[in-house]
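**Student:** My structure is below; once you've seen it, I'll send some questions.
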Amino acid sequence: MGVLFIPMLLMGALMLLYSPQLLEKRMKNREEARVQRWVVRLSGLMFVVNFLIAGLGYRYGWMMFPGWIVWLGVAIFLFSYILYAEVMRENVYLSRIIEVQKGQKVVDTGLYRIVRHPMYAATLFMFLAMPLILGSVISFLIMLLYIPIIRLRIRNEEHLLESELTGYKEYKRRVRYRLIPYLW
């Protein structure tokens, strides 16, 4: 649990010290779009169910991953958190809700030169690493549901960005991949 939550607490403390305006944006959680409200709810439900099933699985010995998979999960999770932190450093417009902010410009440097949604890529790997860390095969299968959920979020977000953010259509032509280079 420490591997999962200590980086989160450190990130929050660093944002509070060095970028309180970004922390404030990340704390907003009231989506305007109905689709996005469902995406947030489903993600939250999936997250909670993941931990409940992993706990029950540990208690009752349901399909557990071997120790080396757990350590692989730790490595993937920590690497993903480093990517997540880099995205937060690169993009001052990050918000928890999908919106175009006043004066917002397309960010196309750093990880944004490789994929259009590096934050979602980092969270995808984080979410898939969590059940590995917890050792739960069943939780891993549950977390695979994050793929269609994040796909829906990205599709909806890109529609908004194309219509409201100047230069986003050109950015999409330059950066072809959404989450994973050469794959999607």
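Rule-based calculations on the coordinates, nothing more; no lab input. In this text, all values refer to a predicted model and were calculated from it rather than measured experimentally. As a convention, Cβ positions derive from the backbone with ideal geometry for all residues, glycine included, and neighbour counts pool all protein chains shown.
**Student:** Can you tell me the length gained on complete extension of the stretch residue 85 to residue 155, counting 0.36 nm per residue apart and subtracting the Cα distance?
**Tutor:** Length gained between residue 85 and residue 155: 22.9 nm.
**Student:** I need 126, 11 ordered by Cβ neighbour count within 10 Å, fewest first.
**Tutor:** 11, 126
**Student:** What angle do you read, to the nearest 10 degrees and between 0 and 90, between the alpha-carbon axis of helix 2-18 and the longest principal axis of the chain?
**Tutor:** 30 degrees
**Student:** Could you work out the helix-only [θ] at 222 nm for the chain, with each DSSP H run of four or more residues adding -39,500 (n - 2.57) and the total divided by the number of residues, to the nearest 500 deg cm²/dmol?
**Tutor:** When only DSSP H runs of four or more count, the value is -22500 deg cm²/dmol.
**Student:** Sticking with this one: Suppose the chain between residue 52 and residue 169 were pulled fully straight at 0.36 nm per residue; how much longer would it get relative to their current alpha carbon spacing?
**Tutor:** Gain in length upon complete extension: 38.0 nm.
**Student:** Could I ask something else about it? Highest first, please rank the peptides 96-105, 154-163 by the mean number of other Cβ atoms sitting within 10 Å of their residues.
**Tutor:** Listed from highest to lowest mean packing, they are 154-163, 96-105.
**Student:** Can you tell me the order of 142-149, 3-10 when each peptide is scored by its average per-residue count of other Cβ atoms within 10 angstrom, highest first?
**Tutor:** Packing proxy ranking, top to bottom: 142-149, 3-10.
**Student:** Also, quick follow-up: Rounded to the nearest 20 debye, what is the charge dipole size of the chain about its Cα centre when +1 sits on each Lys and Arg Cβ and -1 on each Asp and Glu Cβ?
**Tutor:** 340 debye
**Student:** A further question on this structure: Measure nothing fancy, just the Cα-based angle from helix 146-164's long axis to the longest principal axis of the chain, in degrees from 0 to 90, nearest 10.
**Tutor:** The answer is roughly 10 degrees.
**Student:** Considering the chain as a Gaussian network with a 10 Å cut-off on Cα pairs, which listed residue, 74, 48, 39, attains the greatest mean-square fluctuation?
**Tutor:** Between 74, 48, 39, it is 48 that shows the largest mean-square fluctuation.
**Student:** Rank 120, 93, 58 by mean-square fluctuation in a GNM of the chain with C-alpha springs under 10 angstrom and give only the top-ranked residue.
**Tutor:** Of the options given, 58 has the highest mean-square fluctuation.
**Student:** At what distance in nm do the modelled label points of residue 72 and residue 177 sit from each other, each positioned 7 Å from its Cα along Cα→Cβ?
**Tutor:** 2.0 nm
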